[in-house]
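Encoded as structure tokens, the structure appears first; notes follow it.
The values are calculated or read from the model by the stated rules, or taken from the named source; none is laboratory data. None of the values given here were measured: they were computed from a predicted structure. Note that we place each Cβ from the backbone using ideal geometry, even for glycine, and neighbour counts take in every protein chain shown. Accessible surface is based on the protein model in full, side chains and every heavy atom, while ligands, DNA and RNA are left aside. Shrake-Rupley method; radii C 1.70, N 1.55, O 1.52, S 1.80 Å.
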Amino acid sequence: MTKKIAIRRLATGVPGLDNLLGGGLPEFSFNLIAGTPGTGKTTLAHQIMFAQATPDNRALFFTVLGEPALKMLRYQQQFDFFDFSKVNESIRFVNLSTDLMEGKFDCVLSRISDEVKAFAPSLVFVDSFRSVVQSLKHESPGVPELQRFIQQLGMQMTSWQATTFLIGEYLTTEAESSPVFTVADGILWLTQNLHRNSMVRKIQVVKMRGQDHASGLHTFRITNDGIRIFPRAMVTRGTTVSPKDQLATDKDRVPMGVPGLDDMLGGGLPAGYSLLVVGPSGSGKTIMATEFLAEGASRGEPGVIAAFEKSPSNC
């Protein structure tokens, strides 16, 4: 029997993200952090980088913005995860603006390769990768040349045993035509939408080769601590991803506190489930809900009831 190769998983340092990825980022993987402007792509990349970077596990961050890296760092240093002691020691920032002016894929690839050889990083970031593509588009033959550039970049980073992240601003429609989406081992897609007067941010693990990741959209927030993800409760084929970043099985069931009902449910309500209790007035809906809360209280589990038609004294 052939023994499976164990792939080391890297902790991202982003609360909630490791569970979505299936335990962390695969080491030496080629990843894309994509989304529309302002969704937090650069912040997510920095948070992962500062969590992982050490003198023995160095990180190289390429910027291709018109402004110098100092302007980007001016804003990123406002987050609590930013550690000044790691800059230039464990983390190095390199601007590729001058190389982009040459207008050749080979020039950019050569500069990236030289910097990687000199610094020997374990983590490599390119922000914004789409800016590289847009800047070189007029001089390159087209998609075949871009495909070759991406493949060569991926092979070189893998040969240097580096986990790579490309950060870029993409529209959903571009995912079908861009070759980077095919080559990437992992794809994280960030979105934001205005709901009434609130900005709602979502993250989706579109792709993560070699491991079982949580599908669908999950809410996240950006605070002074950085990004924090709140995985939605899911129960699929025996696995639950809860907002408390814990994994459970279908055997973990919550007693309802109603004699006979737990037997009907196979031992109780599966952890992470949402239950809708419906029926005509006076059928016992509130009593059932109250018994469920009382059962949880007896086990030391706090509960909350939101009443819209009754006062607490009448419940």
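Here are some notes:
- Distance violations [Cα-Cα > 32 Å] among 117/207; 86/202; 3/207; 3/202; 41/86: 3/202
- Put a dot 7 Å past the Cα of residue 258, heading toward its Cβ, do the same for residue 299, and the two dots end up 1.6 nm apart.
- Taking amide H atoms as placed 1.01 Å from N in the peptide plane, the amide H of residue 269 lies under 5 Å from those of 254, 256, each 5 or more residues away in sequence or on another chain.
- Where labels lie 7 Å past Cα in the beta-carbon direction, separation of residue 160 and residue 194 in nm: 4.2 nm
- Annotation: amide H of residue 163 within the under-5 Å range of 28, 123, 124, sequence separation 5 or more or interchain, hydrogens built in the peptide plane.
- Placed amide H near residue 95: partners under 5 Å, 5+ positions off or other chain: 63
- Highest-first packing order for the peptide set 191-204, 83-96 is 83-96, 191-204, based on the mean count of other beta carbon atoms within 10 Å.
- For the stretch 202-212, backbone phi angles converted through the Karplus equation (6.51, -1.76, 1.60; θ = phi - 60°) give residue-by-residue couplings of 10, 10, 9, 8, 6, 7, 7, 5, x, 8, 7 Hz, Gly and Pro being listed as x.
- Surface composition of the stretch 78-117: carbon and sulfur make up 44 percent of the accessible area, probe 1.4 Å.
- When peptides 16-26, 291-301 are ranked by their average number of other Cβ atoms within 10 Å per residue, the highest-first order is 16-26, 291-301.
- Once the chain from residue 287 to residue 225 is taken as fully extended at 0.36 nm per residue, the excess over their C-alpha distance is 18.1 nm.
- Listed peptides 33-41, 257-265, 221-229 by packing density, highest first (mean Cβ within 10 Å): 33-41, 221-229, 257-265
- Contour minus Cα-Cα distance for residue 70 and residue 217 (0.36 nm per residue): 49.6 nm
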